[in-house]
Structures are given as structure tokens and as C-alpha cells.
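Notes for the one structure printed next.
Quick note: the coordinates plus some simple rules give every number you see, no bench work behind them. All figures in this text were calculated on a predicted structure; none of them were measured in a lab. All Cβ positions, even for glycine, are placed from backbone atoms using ideal geometry, and neighbour counts span all protein chains on display.
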């Protein structure tokens with residue numbers, strides 16, 4: 001069987017006001033000791049919304065069956081899910097300004 005679907009962005013992803021945070025981070029690229037001893041610094045991070053987000057799309061296929069042999073039942077299922085137009089996550093560097101969207105580009 002094949003199903004097609006879509007998932008609309010949340011209201012907060014579309015219309016939330018920008019939020020500024022100052023998380024403590026440990027630069028693990030330059031420090032390789034115990035994290036409890038790491039000299040942590042704060043970096044300004046801005047998160048916000050994107051009113052241009054479109055619904056994500058998906059295609060799902062599944063196939064399955066059940067075999068009954070006396071008191072024994074065996075079930076098997078094969079499935080595949082394809083998704084597109086998913087909103088991107090924040091970039092790896094917290095020092096960049098980010099708005100949710102498809103391109104993962106800083107402002």
C-alpha cells in the first residue's frame with residue numbers, strides 16, 4: 001500500500017518572536033579532557049520563526065503478512081518512509097543566527 005501525506009509547520013515555527021539565549025558551551029574541538037573540568041563560555045544564540053515555511057510531504061509504503069501454523073504465529077512487515085521539505089535544524093555553530101527553514105543558512 002502507498003500513502004501520501006503532509007505535515008503543516010507549527011504555529012510557533014511560523015510566528016514565534018525571536019528568542020535570544022546565552023548557552024554555556026565547551027569547545028570539544030580544542031579540549032579533550034573531562035567535560036566537568038572544561039572552561040565553558042557563553043555564546044549569544046538567536047532563534048526565531050519563519051513565516052515562509054511550507055508543509056512537509058511524505059510517501060509511505062508498507063507490505064506485511066501473518067502466517068499461522070497451529071499455535072504459532074509469524075508476522076513480518078516491510079515499510080519505507082520518504083520525507084521531503086522538512087524544516088532544517090540549527091547549524092552546528094551556536095554563534096550563528098538561525099531561522100527555521102529548508103536551507104539551513106544563517107541570517
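Numbers below:
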{"read-out": "For peptides 47-54, 67-74, sequence by mean Cβ density within 10 Å, most packed first", "value": "47-54, 67-74"}
{"read-out": "Angstrom value of the Kirkwood radius, inverse mean 1/r, which spans all Cα pairs in the range 33-74", "value": "18.1 Å"}
{"read-out": "Global geometry of the range 2-84, whether rounded, prolate or oblate, following the gyration tensor of its Cα atoms and the 1.5 cut on a/c", "value": "oblate"}
{"read-out": "Order of 30, 45, 21 under a 10 Å beta carbon neighbour criterion, fewest first", "value": "30, 21, 45"}
{"read-out": "Simple label model, 7 Å out from Cα along Cβ direction - residue 42 to residue 57, nm", "value": "4.5 nm"}
